[in-house]
Amino acid sequence: MNNVLKHAQASSVNIQLNTAGDHVNLLIEDNGKGFDTNAQRKGIGITNIISRAELFNGKVKIDSSPGNGCRLEVILDTKAHEAQAAA
C-alpha cells in the first residue's frame with residue numbers, strides 16, 4: 001500500500017486476502033500509472049516484499065506496465081512454513 005500511495009497515482013485499489021487449502025493469497029490491484037517490471041528499481045519496497053515472501057517459502061507475482069496499473073500477488077505455502085518452523 002505504501003508504494004501505491006507514494007507512486008501509483010491510483011484512484012482505486014483492490015485488496016484481497018484469501019486462503020485456499022495450504023495457501024494464503026494476498027492480491028493488491030490498482031488502476032494507477034503502472035511501471036515497467038523489467039526496469040532497474042530505485043527503491044527497496046518491491047525487493048523487500050519479495051524477500052519477505054521468500055522467507056516464508058512464498059512467491060510474488062507482479063503484473064504491471066506503464067499506463068496499466070499494477071497487480072501484485074503474494075502466495076504463501078503454510079505447509080512449507082510449518083515444516084520449516086518445526087525443523
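Values for this structure:
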item	result
From the options THR47, THR37, residue that is loosely packed, with under 11 Cβ neighbours inside 10 Å, under 16 Å from the mean Cα position of the chain (by Cα) and of a type in the set (S, T, N, Q)	THR47
All positions within the stretch 4-23 that are under 14 Å from the mean Cα position of the chain (by Cα) and crowded, with 17+ Cβ neighbours inside 10 Å	VAL4
Selected residue (criterion: nearest to LEU76 (Cα to Cα)) from residues of the stretch 1-52 that are of a type in the set (A, V, I, L, M, F, W, C) and touching a Gly at 6+ places or on another chain (Cβ under 7 Å)	VAL4
Qualifying residue in the stretch 1-20 (condition: among the basic types (Lys, Arg), without any contact (Cβ under 8 Å) to a residue 60 or more places away in the chain and outside any helix (DSSP H, G or I))	no
Candidate set from the stretch 60-80 (those that are small (Gly, Ala, Ser) and touching a strand residue (DSSP E or B) at 6+ places or on another chain (Cβ under 6 Å)); member that is nearest to HIS23 (Cα to Cα)	SER64
Filter result for ALA53 (small (Gly, Ala, Ser), in contact with a helix residue (DSSP H, G or I) (Cβ under 6 Å, 6 or more places away or on another chain), surrounded by 12 or more Cβ atoms within 10 Å (Cβ to Cβ) and not in a strand (DSSP E or B))	no
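Coordinate-derived values only; no laboratory data. Quick caveat, the model's predicted, so the values are computed rather than measured. Positions of Cβ are generated from backbone atoms using ideal geometry, with glycine treated the same way; all protein chains shown enter the neighbour counts.
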